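These notes concern the structure reproduced below.
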Amino acid sequence: MPQPSVTQPSVQQQFWHGFARQLAHPQGWAGRLVGWLMGLANRRPNRLGVDALDLQPGDRVLDLGCGPGDALALILPQVGNGMVYGLDQSAMMLRQASRKNRAAVRAGRLILCEGVFEKLPFEVGMFDRILASNVMYFWHDAPKVLAELRRVLRPGGRIVIYVTSADAMNHWKIAGSPTHRLFDAEGMRAALLEGGLGTSQISILPVTLPGAVPGLLAMVTPD
């Protein structure tokens, strides 16, 4: 019996899947370029997320998936003598974040860590605020990541999560890549509930980026 043929991805599909993998974990010369592109694409999401954190002087803040460090640069002036931490899975992104925030690193106000989202190298209740901008797509075990975020957040703290809506991303060529999970508001809420949060602890707001790109901004306040 003849075996069914397996359709191979086209060159174009291979390119976009490779680009999606770089977004998930930038490395090499392509990773440097991706870091620069992230800085442009995330400018508005980073600003929205940082504003939603409602930062106070003295806060201890974690930027989860800090990328090239643009959100860190927004956070640092707002926390005064507070401490800021950036964690990323990509050593390339951490090098870019370090260069962009060199003075804060030298002063000991910014600590950068390489690690995975499912096992954070931080103590219980260490942070007042946590930002996760454009990284929830890569939480393939979202309940485990959320359990870790709840563990390292102090009681009464706040987590802010931004994603571009699936309504927009479904039209992008990276949408078919296995690296990305896409979310509409209902799917985002379901993922947060699955992560052990209560309905009253979650607020999801629709936002609009330049070019009329729809996004979702979640503010989470665990008990």
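Things to note:
- Search result, residues across segment 53-73 that are surrounded by fewer than 19 Cβ atoms within 10 Å (Cβ to Cβ) and closer than 16 Å to ILE161 by Cα: ASP54
- Residue identified as touching a Leu at 6+ places or on another chain (Cβ under 9 Å) and among the aliphatic types (A, V, I, L, M) among VAL213, VAL160: VAL160
- Of all residues making up segment 81-102, the number that are more than 20 Å from PHE122 (Cα to Cα) and modelled with pLDDT under 95: 5
- Once segment 99-123 is narrowed to residues that are touching a helix residue (DSSP H, G or I) at 6+ places or on another chain (Cβ under 9 Å) and open to solvent by less than 40 Å² (accessible area, probe 1.4 Å), the residue that is farthest from PRO155 (Cα to Cα) is ASN101.
- Filter result (at pLDDT 95 or above, open to solvent by 10 Å² or more (accessible area, probe 1.4 Å) and under 23 Å from GLY187 (Cα atoms)) within segment 152-174: ARG158
- Looking at MET83, MET92, MET126, just one residue is of a type in the set (A, V, I, L, M, F, W, C), open to solvent by 20 Å² or more (accessible area, probe 1.4 Å), touching a residue at least 60 places away in the same chain (Cβ under 8 Å) and more than 21 Å from VAL163 (Cα to Cα), and that residue is MET126.
- Flag if THR208 is open to solvent by 70 Å² or more (accessible area, probe 1.4 Å), among the β-branched types (Val, Ile, Thr) and under 26 Å from ALA73 (Cα atoms): yes
- First in segment 166-193 and more than 25 Å from MET219 (Cβ to Cβ), second anywhere and surrounded by 14 or more Cβ atoms within 10 Å (Cβ to Cβ) and at pLDDT below 65, Cβ under 6 Å, 6 or more apart: LYS173/TRP16; ILE174/TRP16; ILE174/ALA20; SER177/HIS17; SER177/ALA20; THR179/ALA20; THR179/ARG21; THR179/ALA24
- Scan segment 87-101 for residues that are among the hydroxyl-bearing types (Ser, Thr, Tyr) and either in contact with a Pro (Cβ under 6 Å, 6 or more places away or on another chain) or in a loop (DSSP other than H, G, I, E, B) (or both) and the total you get is 1.
The values are calculated or read from the model by the stated rules, or taken from the named source; none is laboratory data. Small disclaimer: the values here were computed from a predicted structure and weren't measured. Note that we place each Cβ from the backbone using ideal geometry, even for glycine, and neighbour counts take in every protein chain shown. Remember, those area values only see protein heavy atoms, side chains included, never the ligands or the DNA or RNA. Shrake-Rupley method; radii C 1.70, N 1.55, O 1.52, S 1.80 Å.
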